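Chemist: One structure, as structure tokens, below. Some questions next.
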Protein chains: 2
Amino acid sequence: MRLADLPTPSLLLDLPKLRRNIAAMHEAAARHGVALRPHLKTAKSVDVARLATAGEAGGITVSTLAEARHFAQAGFRDQIYAVGITPAKLDTVAELNLRGAEVKVITDDRDVAAAIAAHPGPVTALVEVDVGEGRGGLGPDDPALVAIARHLGTRFEGVLTHAGHSYAGRSIADMAQMAEIERAGIVRAAERIRTAGIPVRIVSMGSSPTALHAAHLEGVTELRAGVYMFGDLLQCQIGTEAREDIAVSVLASVIGRRPATNQVLLDAGALALSKDRSTEGAPKDYGFGLVVDLAGNATLGDAIVRRAYQEHGVVESAAPLPFDALPIGARLRVLPNHSCLTAAAYPAYNVLDGSDEIVAVWPRVNYW
Amino acid sequence: MRLADLPTPSLLLDLPKLRRNIAAMHEAAARHGVALRPHLKTAKSVDVARLATAGEAGGITVSTLAEARHFAQAGFRDQIYAVGITPAKLDTVAELNLRGAEVKVITDDRDVAAAIAAHPGPVTALVEVDVGEGRGGLGPDDPALVAIARHLGTRFEGVLTHAGHSYAGRSIADMAQMAEIERAGIVRAAERIRTAGIPVRIVSMGSSPTALHAAHLEGVTELRAGVYMFGDLLQCQIGTEAREDIAVSVLASVIGRRPATNQVLLDAGALALSKDRSTEGAPKDYGFGLVVDLAGNATLGDAIVRRAYQEHGVVESAAPLPFDALPIGARLRVLPNHSCLTAAAYPAYNVLDGSDEIVAVWPRVNYW
């Protein structure tokens with residue numbers, strides 16, 4: 001199968017770029033002397049997980065129980081399910097662990113810690129720490145931190161944080177600064193718990209920007225990051241990766257032509273691209289994605305998907321679009337604002353390896 | 001299975017509300033004396049399609065080839081695939097039609113019309129007309145309209161339009177006015193083609209708002225509409241339906257509590273709700289959805305999902321949230337901004353019929 005024969009819309013994955021992005025994060029982790037625990041929430045693919053974990057000893061991170069189950073079945077034992085657990089979900093985790101997995105959960109709640117400690121099955125947990133994002137977790141100096149670690153008893157594994165607010169940064173200097181806040185916060189949390197006489201095995205931090213741009217990671221045992229594998233337009237704008245590193249794109253066909261208004265319609269709309277508008281507040285607003293040619297090159301200048309209906313994307317450009325080269329059925333690609341959201345619209349990746357041939361189809365584990 | 005036992009996040013479908021919404025549209029079509037051709041892009045479900053087409057003679061509308069195939073296999077022969085066709089997709093349509101379906105395609109392009117006319121398989125088409133939305137289609141007075149109908153020859157079935165810009169309306173009077181513009185435009189297009197001596201069998205218009213609020217539909221043969229079945233927060237705000245009519249919701253669990261900032265976290269984020277922000281420009285901005293209690297009642301006041309991360313939804317409210325009733329694991333529901341987008345995140349509906357018991361699980365046909 002070749003690019004010209006794929007149905008549209010389809011999701012493409014460029015293997016050389018994926019490999020390059022994985023190598024860069026591998027190097028960052030090695031440079032800092034910490035384990036890398038890739039976050040599979042972006043890729044949701046066993047094939048990608050195998051590439052991302054090659055040569056790493058840090059296990060994986062997952063964002064749903066469906067991922068935990070899927071990756072456990074594929075032999076990925078060491079996992080952190082990095083979304084606050086509920087008591088009702090513990091049975092599923094225990095069941096996976098009884099079958100050989102080592103899925104660790106996270107919590108910032110005393111009652112949940114008690115439920116974990118009392119659970120009859122093999123469930124262990126990390127305490128979630130908030131270093132400023134204001135989503136989940138307790139502050140590094142919150143008195144409840146040590147109490148919850150104590151509540152967990154022998155089920156306590158360590159501490160975990162995610163500086164998701166690093167995405168608001170706009171430069172490598174911003175990222176380095178946020179990485180240090182993240183590092184210092186999670187290390188402070190670990191030290192407080194250790195001071196109380198409780199061993200802390202795992203000190204886990206990470207987001208793609210802070211992982212790549214940290215000056216040093218003293219006191220941290222592992223890095224979690226996910227979107228770095230694929231990159232996206234937002235990551236480009238916050239300095240994590242270059243546009244040439246974006247490894248996923250949506251193959252689309254022209255389904256409408258409006259020369260009078262310099263617009264074309266694509267068969268990639270809100271479902272095929274997602275309605276993520278994360279570049280809205282970034283230096284450059286890419287609408288619902290940047291339109292490039294079939295080879296992946298930006299020969300259409302600044303053409304973007306300006307509006308997205310359920311199955312229609314409206315492409316606009318400041319420069320005149322090359323209508324002669326864009327008959328109905330012409331194929332283009334769209335680079336995503338946010339690869340986690342766009343990839344989630346598809347059941348599988350069509351993998352390219354330097355030519356227009358699809359060398360593999362890699363399934364994703366969607367839903368929950 | 002009961003609501004309390006379902007994994008979260010899960011998609012719920014309230015059958016009495018669905019039936020009521022379907023009955024209201026059925027009555028609107030009957031009142032106007034036109035056939036109803038329900039659009040299955042929202043529901044993507046054979047079970048919903050059976051309810052929506054009961055007593056109707058208008059076939060169905062689909063938005064993807066995957067839907068066309070799925071519904072054809074389930075016995076829905078008469079279909080319009082209402083997204084501009086490309087020549088490469090004609091073989092799939094012809095194949096479905098050779099097996100007994102009658103999938104009609106749409107186009108507004110002369111070259112595509114020629115490709116349809118020349119296709120060896122059984123493919124017929126409608127010409128897409130633009131009544132002001134500025135997406136696909138030719139204006140009712142465009143000279144190319146008659147030329148394309150002529151190009152299609154015996155493959156020509158009729159004309160179709162969609163006043164998608166009716167969603168910008170904010171009152172029933174707005175909707176009635178847009179419905180008349182839509183009706184007059186598509187009837188004018190049909191008349192011009194008939195004047196040229198070409199019979200026009202189908203004169204198809206519709207969006208949920210214009211279908212429900214049209215004063216009369218003289219000259220129109222059928223109505224297409226989809227979102228009316230489920231409703232959503234945007235439809236409430238443009239007067240199509242009441243909030244009590246919203247038939248789909250997302251079941252979620254509390255996974256974080258932040259009394260200091262009056263926030264709770266849900267395990268329903270950007271993937272579970274979609275990043276659709278269509279109420280952003282509406283009179284009331286519901287963020288990523290309105291939070292209601294497990295029974296579906298608005299006992300949490302104006303609590304909305306203000307921020308959406310991949311798997312986390314941050315609930316905020318002007319009034320103090322009832323933290324005593326919201327321990328980790330407490331279950332709530334989120335009403336969607338845009339039901340087409342939210343439902344697309346799930347493989348199936350968990351169907352409720354007046355109690356907390358799941359009486360059926362209805363699969364969806366996602367992807368393309």
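Only the coordinates and a few stated rules stand behind these numbers; no lab work does. Fair warning: this is a prediction, and the values are worked out from it, not measured in the lab. Glycine gets a Cβ as well: all are built from the backbone with ideal geometry, and neighbour counts include every protein chain shown.
Chemist: With a/c under 1.5 counting as rounded, go ahead and sort the stretch A:15-230 into rounded, prolate or oblate using the C-alpha gyration tensor (a ≥ b ≥ c being the square roots of the eigenvalues; past the cut-off, prolate if a/b is larger than b/c, else oblate).
Modeler: In terms of gyration-tensor shape, oblate.
Chemist: Then there's this: Work out the FRET efficiency for A:R99 and A:A57 from their Cβ-Cβ distance, taking R0 = 30 Å, and round it to the nearest 0.05.
Modeler: Calculated value: 0.85.
Chemist: Also, I was wondering about something else. What per residue convex hull volume, in Å³, do the alpha-carbon atoms of the stretch B:109-201 yield?
Modeler: 90 Å³
Chemist: Let me ask you something else. Which pairs break 31 Å Cα to Cα here: A:K44/B:K104; A:K284/B:K275; A:K104/B:K284; A:K104/B:K44; B:K44/B:K89?
Modeler: The answer is A:K44/B:K104; A:K104/B:K284; A:K104/B:K44.
Chemist: Using Cα pairs closer than 8 Å and at least 6 residues apart in sequence, work out the relative contact order for chain B, in percent.
Modeler: Over chain B, the number comes to 20 percent.
Chemist: How far is B:A196 from the same spot in each other copy, in nm, shortest first, if each label point sits 7 Å from Cα toward Cβ?
Modeler: Once sorted, the set of distances for B:A196 reads 7.9 nm.
Chemist: Follow-up question, since we're still on this one. List the distances, in nm and shortest first, from the label point of B:A144 to the matching label points in every other copy, placing each point 7 Å from Cα along the Cα-to-Cβ direction.
Modeler: List, nearest first: 6.1 nm.
Chemist: With all distinct Cα pairs included, what does the Kirkwood hydrodynamic radius of chain A come out to in Å, to one decimal, could you say?
Modeler: Computed over Cα pairs of chain A, the Kirkwood hydrodynamic radius comes out at 21.4 Å.
Chemist: Also, quick follow-up: Whole number please: convex hull volume per residue of the Cα set in the stretch A:241-363, in Å³?
Modeler: Residue-normalised Cα hull volume stands at 109 Å³.
Chemist: Suppose we consider the axis relating copy B to copy A; can you name the residue of B with the nearest Cβ and state that distance in angstrom as an integer?
Modeler: Residue with the nearest Cβ, plus whole-Å distance, for chain B: B:K275, 2.
Chemist: Relative to the other copies, what are the label-point distances for A:A30, with labels 7 Å from Cα along the C-beta vector, expressed in nm at one decimal and sorted shortest first?
Modeler: 7.3
Chemist: Along the Cα→Cβ direction, 7 angstrom out, place labels at B:A260 and A:R19. What is the inter-label distance in nm?
Modeler: The answer from the label model is 4.8 nm.
Chemist: Considering only B:N97, B:N262, B:N350, give the residue with the highest GNM mean-square fluctuation for chain B, with springs between Cα atoms whenever their separation is below 10 Å.
Modeler: Among B:N97, B:N262, B:N350, the largest mean-square fluctuation in the Gaussian network model of chain B belongs to B:N262.
Chemist: In whole Hz and in residue order, list the ³J(HN,Hα) couplings for the stretch B:231-245 that follow from phi through the Karplus curve 6.51 cos²θ - 1.76 cosθ + 1.60, θ = phi - 60°; x for Gly and Pro.
Modeler: Here the 3J(HN,Hα) series is x, 5, 5, 5, 4, 4, 6, 9, x, 6, 8, 8, 4, 5, 8 Hz.
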